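Down below is the structure, laid out as structure tokens.
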2 protein chains.
Amino acid sequence: MTATHRPTLLVLDAEPRPRLGRLTGRATIEYTDASTLPERLPHADVLLVWDFASHAVRDAWPGDGPRPRWVHTASAGVDHLLCPELVASDTVVTNARGIFDEPIAEYVAALVLSMAKDLPRTWELQGRREWRHRETLRVAGSRACVVGSGPIGRAIVRSLKAIGVHSALVGRVARVGVHGPEDLDRLLARADWVIAAAPLTEETRGMFDARRFGVMQPSARFVNVGRGQLVVEDALVDALRRRWIAGAALDVFDREPLAGDDPLWDVPGLIVSPHMSGDTVGWRDALSEQFVESYDLWEAGRRLPHVVDKRRGYVPGA
Amino acid sequence: MTATHRPTLLVLDAEPRPRLGRLTGRATIEYTDASTLPERLPHADVLLVWDFASHAVRDAWPGDGPRPRWVHTASAGVDHLLCPELVASDTVVTNARGIFDEPIAEYVAALVLSMAKDLPRTWELQGRREWRHRETLRVAGSRACVVGSGPIGRAIVRSLKAIGVHSALVGRVARVGVHGPEDLDRLLARADWVIAAAPLTEETRGMFDARRFGVMQPSARFVNVGRGQLVVEDALVDALRRRWIAGAALDVFDREPLAGDDPLWDVPGLIVSPHMSGDTVGWRDALSEQFVESYDLWEAGRRLPHVVDKRRGYVPGA
């Protein structure tokens, strides 16, 4: 028997841990947290960012010298790990493309239907034991503007279409079936539902600002399932208080978790959920399985799926 | 000019009143409430039951002598007006078939998605300013049992199918695409969602009782958009408290409006809404328009649409 090099797989940890049983004997698996990451990172061949809420990679990434050849994040967004040194390096970054598409699309449909049917108010009235009949909105025939033309945005368009909502999809550049940013204001002005599902990049940061909320209809409702920093939160709060728009639902925030004393918790017409839109039962197992399958390919020297364009900040292409 | 007989159209009233402008000069329109109904009823040619929450017709219907030749109710259900004398008479009864189908189907989809995505708990946690991540359910691939094979039940099946839910439809008798009552228990036992959308008849009254809730899965959720008396409410409350089923949503109740001190308001896992599932913006105008169109036909001596089989208690056929 010959001694073979066993790659070191470093896992930036979170509970519950990933299921990596299939890699036993094939990789030396080490778990780390933010505090030990800087010293461990140079010795790792592969980094699995399991704690996708952590920004530790961005801070710990070595400017030069040894570094992992491959970083995989158990998330769709990669904004939490990209730093100039990682972008400039030859390290391959992959993401969890595909895992969250359909769950997030269902979640958006749930929010849209709930808002149309005034369910938050129903719960509020139930808590006060108050019988108050209201007229609600038809969803069929209404119009959405979905911002973000990746697999999540496209899944949202499909799920909204299933419930009768006509969507316009907006991406970084116009192409068949996708509007470019030059059409955004015009589409916002006639949308009943505005859905933010774009990656966080320098181009999208703060794109939903006071001017954009001002363009929307007073009856419009805004949903963010992308990244908190797509939205200027103060501008959204203002838009809701001034009734520039009729309602909003945020699943993602500038700072997460939202602090107990954050003013966002009780803005009238705003639904707050704790970054869970894509997390359906079994999601962690699906993420583990996806990573292990990619590991098989990496070990065999084959091409990895879902490689991030590090300069753009997302996985390009259909 | 000859004096022609102008039919008397009696309207059992509710605010806001129906839009009957097109009948001006064609009918003598009188508005009545429960107190004056018994004296007015014998002199009316047509009765429009606009206050569909009222049981006054059942109590006021004359045993013999003059009576309206046509009764139209601005509702899908007719249980509130049928009495033995009306059933035995040659008076034609029509209902508002078609107006509520798609709105109720959307409402059911909203409830199903809300429960799958744990939105009631999200609102509760938001009220407590608590950030608590949870895993939620996929809707796609789940199974529903829809009880009631009329147009509302069939619309519910379509809207659930659009969001990926496979439904079995149960009606009074088995036919193509519809299960008979003999299959009900077997279908309840494997349903993730049980949707009650049947008319209230002697056959369906109290059909959701302790035994039926006992047959359902502990993960099942029950929705009633039919009539309150389809359900033995105490049995449902018991089933929720004992966790025989995971949750329920009632839009209709044994007694409506639900009193402020009714114990149903705060049963854990129970969503209470005030009989509004079909009432989308413009619904009253749609009901008025439907009646006026039928009036045109009646006046011309033509066949009326949506004629109720008074013995069965609903409009039969597809």
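The values are calculated or read from the model by the stated rules, or taken from the named source; none is laboratory data. Note that the structure is predicted; figures quoted are calculated from it, not measured. FYI the Cβ positions are ideal-geometry reconstructions off the backbone, even for glycines, and counts take in every protein chain you see. These area figures cover heavy atoms from the full protein model, side chains too; ligands, DNA and RNA do not enter into them. Shrake-Rupley method; radii C 1.70, N 1.55, O 1.52, S 1.80 Å.
Candidates are the residues of the stretch A:38-49 that are buried (at least 21 other Cβ atoms within 10 Å of the Cβ) and free of Cβ contacts under 8 Å to residues at least 40 places away in the same chain; the one that is nearest to A:Ala14 (Cα to Cα) is A:Val49. Taken residue by residue, the stretch A:59-68 has no member that is more than 9 Å from every other protein chain (Cβ to nearest Cβ), within 15 Å of the chain's Cα centre (by Cα) and open to solvent by less than 10 Å² (accessible area, probe 1.4 Å). Residues of the stretch B:257-270 that are outside any helix (DSSP H, G or I), open to solvent by 80 Å² or more (accessible area, probe 1.4 Å) and either closer than 22 Å to B:His80 by Cα or within 8 Å of chain A (Cβ to nearest Cβ) (or both): B:Pro257, B:Asp261.
The listed residues are B:Pro274, B:Pro305, B:Pro316, and the only one of them that is within 14 Å of another protein chain (Cβ to nearest Cβ) and in a loop (DSSP other than H, G, I, E, B) turns out to be B:Pro274.
One residue stands out among those in the stretch B:96-130 that are in contact with a His (Cβ under 9 Å, 6 or more places away or on another chain) and open to solvent by 10 Å² or more (accessible area, probe 1.4 Å): the one that is farthest from the other protein chains (Cβ to nearest Cβ), which is B:Arg97. Of all residues in the stretch B:277-301, those being open to solvent by 50 Å² or more (accessible area, probe 1.4 Å), within 30 Å of A:Ala116 (Cα to Cα) and either hydroxyl-bearing (Ser, Thr, Tyr) or not in a helix (DSSP H, G or I) (or both) number 1.
In the set (1) under 30 Å from B:Asp254 (Cβ atoms); (2) open to solvent by less than 60 Å² (accessible area, probe 1.4 Å), B:Ala27 fails one condition alone, (1).
For (1) more than 14 Å from the chain's Cα centre (by Cα); (2) modelled with pLDDT under 95, each residue gets a yes or a no:
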position	(1), (2)
B:Val223	no, no
B:Asp238	yes, no
B:Ile245	yes, no
B:Leu258	yes, no
B:Asp266	yes, no
B:Met276	no, no
B:Ser288	yes, no
B:Glu299	yes, no
B:Pro316	yes, yes
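For A:Gly164, indicate whether it is within 14 Å of chain B (Cβ to nearest Cβ), more than 13 Å from the chain's Cα centre (by Cα) and either farther than 17 Å from A:Ile271 by Cβ or charged (D, E, K, R) (or both). Criteria met by A:Gly164. Residues that are part of a helix (DSSP H, G or I), in contact with a helix residue (DSSP H, G or I) (Cβ under 8 Å, 6 or more places away or on another chain) and in contact (Cβ under 8 Å) with a residue 60 or more places away in the chain do not occur anywhere in the stretch A:122-139. Being open to solvent by less than 20 Å² (accessible area, probe 1.4 Å) and hydrophobic (A, V, I, L, M, F, W, C) is the filter here, so list the residues in the stretch B:213-236 that pass it. Matches in the stretch B:213-236: B:Phe213, B:Met216, B:Ala220, B:Phe222, B:Val223, B:Val225, B:Leu230, B:Val231, B:Ala235, B:Leu236. Only one entry in A:Val87, A:Val170 is farther than 19 Å from A:Gln217 by Cα and more than 12 Å from chain B (Cβ to nearest Cβ), namely A:Val87.
Restricting the first member to the stretch B:194-211 and to residues that are of a type outside the set (Val, Ile, Thr), and the second to residues that are open to solvent by 30 Å² or more (accessible area, probe 1.4 Å) and assigned to a loop (DSSP other than H, G, I, E, B), the beta-carbon pairs closer than 6 Å and six or more apart or on different chains are B:Leu200/B:Asp79; B:Leu200/B:Arg227; B:Gly206/B:Val232; B:Asp209/B:Val232. Look at B:Val112 and say whether it is touching a Lys or Arg at 6+ places or on another chain (Cβ under 8 Å) and within 30 Å of B:Trp298 (Cα to Cα). Criteria not met by B:Val112. If you go through the stretch B:135-144 one residue at a time, do you hit one that is more than 30 Å from A:Pro16 (Cβ to Cβ) and either more than 14 Å from chain A (Cβ to nearest Cβ) or exposed (fewer than 15 other Cβ atoms within 10 Å of the Cβ) (or both)? Within the stretch B:135-144, one or more residues are more than 30 Å from A:Pro16 (Cβ to Cβ) and either more than 14 Å from chain A (Cβ to nearest Cβ) or exposed (fewer than 15 other Cβ atoms within 10 Å of the Cβ) (or both).
Check the stretch A:55-68 and report whether any residue there is touching a Phe, Trp or Tyr at 6+ places or on another chain (Cβ under 8 Å) and under 25 Å from A:Glu15 (Cβ atoms). Within the stretch A:55-68, none of the residues are touching a Phe, Trp or Tyr at 6+ places or on another chain (Cβ under 8 Å) and under 25 Å from A:Glu15 (Cβ atoms). Meeting the requirement of 2 or more residues that are under 21 Å from A:Val281 (Cβ atoms) and in contact with a helix residue (DSSP H, G or I) (Cβ under 8 Å, 6 or more places away or on another chain), the strands (runs of 3 or more DSSP E) wholly within the stretch B:140-226 are B:193-196, B:221-224. Of these, A:Ala300, A:Ala249, which one is of a type in the set (A, V, I, L, M) and either within 14 Å of chain B (Cβ to nearest Cβ) or closer than 26 Å to A:Gly148 by Cα (or both)? Exactly one residue qualifies, and that residue is A:Ala249.
Only one entry in A:Ala249, A:Ala239 is assigned to a helix (DSSP H, G or I), among the aliphatic types (A, V, I, L, M) and buried (at least 19 other Cβ atoms within 10 Å of the Cβ), namely A:Ala239. Scanning the stretch B:69-90 for residues that are touching a residue at least 24 places away in the same chain (Cβ under 8 Å) and surrounded by fewer than 17 Cβ atoms within 10 Å (Cβ to Cβ), we see that the one that is farthest from B:Glu202 (Cα to Cα) is B:Arg69.
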